[in-house]
Amino acid sequence: MSVNQVKEAAKKFISNNGRDPKSSESPQAAVISLKTDRGTKYEVYIAVMDELKKAYNELRAAYMGITLAEYLEIENDSKKQNAKFEEAKKAIPYQLSEAEPTNVGGN
Amino acid sequence: MSKFNKKKKGTPAISTSSLPDIIFMLLFFFMVTTVLRETELKVQNRLPKASQLQKLEKKSLVSYIYIGKPKDTEKYGVEPRIQVNDALVTPKEIPNFVYAEKDKLDEVERDKITMSLKVDIDAKMGIVSDVKQQLREADARKVNYSSVKAIDKE
């Protein structure tokens, strides 16, 4: 899988809602585990993280019925309380687990 | 022809009345243009690009850790190193740095300290996870990966 396929796979996994028994049951229960190797390039790690964040952001934006750009604006505006945003955060929580890195690629 | 006779006079003394003005002007100029010393980078620091960024909220709660290949490769080698403040450190020294940074903050804000990792794109995850491990030990739970805004292709 290449980096730009990560987003679609993550979105499919999070919003599965029990359709595929091998995938997640609901967005609330969906946890993505990110495992790296000690030899993984930092650039790749950030690219993957960015894709995952984007997957979540797009799903939340869709949940709120707005575009991704509008969503990012709301997320970065901490002063304003936004009930819809809080609701979306609860409905699709950002759950990322980072596993201890393996040591295949060396330092 | 007395009209055109040049009067004999020496060179007039230079007026020094504007000297204070000049001095003050210089003083203010340097006061305005001087920046307080910023940390001098000893490691290469090209930040990765990302699109889904979040702004850091309170800058006073943020401490920076730099990771990258040393600029002075003759002295420090080519392996990525960690820099805090002005010194290159080993992962083991990170908790001490965190405690020192926490001491600078008010007691109520100490848990909210955010460590911002500025990692070079060529660094490997090994050193980054070592740092993360040490941060966990020092109970600094808020970690942020610094990156620059990329223009979205879509």
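Laboratory data are not the source of any read-out in this text; all were calculated from the coordinates shown. Model, not experiment: these values are computed from the prediction. Positions of Cβ are backbone-derived with ideal geometry, glycine not excepted, and every protein chain shown enters the neighbour counts.
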> Which whole-Hz ³J(HN,Hα) couplings does the range A:91-96 yield from phi under the Karplus relation 6.51 cos²θ - 1.76 cosθ + 1.60, θ = phi - 60°, glycine and proline marked x?
Replying inline: 5, 10, x, 7, 10, 10
> What do the square roots of 5 times the Cα gyration tensor eigenvalues come to for the range A:30-81, in whole Å, largest first, as semi-axes of the equivalent ellipsoid?
Replying inline: 27, 13, 10
> At a Förster distance of 35 Å, what's the computed FRET efficiency of A:Lys12 paired with B:Glu137, Cβ-Cβ distance as r, to 0.05?
Replying inline: 0.40
> For the protein assembly as shown, what mean projected area does the convex hull of the alpha carbons give, in nm²?
Replying inline: 27.4 nm²
> Ranking A:Met49, B:Met25, B:Met31, B:Met115 by Cβ neighbours within 10 Å, fewest first, what do you get?
Replying inline: B:Met31, B:Met25, A:Met49, B:Met115
>> Could you work out the relative contact order of chain B? I mean the mean sequence separation of Cα pairs under 8 Å and 6+ apart, divided by the number of residues, in percent.
In response: 27 percent
> What Kirkwood hydrodynamic radius, in Å, does the range B:1-145 give when the mean of 1/r is taken over all pairs of distinct Cα atoms and then inverted?
Replying inline: 19.3 Å
> From the phi of every residue in the range B:123-128, what ³J(HN,Hα) in whole Hz does the Karplus formula 6.51 cos²θ - 1.76 cosθ + 1.60 yield, where θ is phi - 60° and glycine or proline is x?
Replying inline: 5, 9, 5, x, 5, 5
>> Give the separation of the Cα centroids, the range A:48-95 to the range B:87-154, in Å.
In response: 25 Å
> For the pair B:Tyr64 and A:Gln28, what calculated FRET efficiency results from E = 1/(1 + (r/R0)^6), where r is the Cβ-Cβ distance and R0 = 30 Å, to the nearest 0.05?
Replying inline: 0.30
>> Can you give me the angle between helix B:94-103 and the longest principal axis of chain B, using Cα atoms only, in degrees from 0 to 90, rounded to the nearest 10?
In response: 60 degrees
> Can you give the FRET efficiency for B:Arg46 and A:Ala91, using 1/(1 + (r/R0)^6), R0 = 41 Å, r = Cβ-Cβ distance, to the nearest 0.05?
Replying inline: 0.65
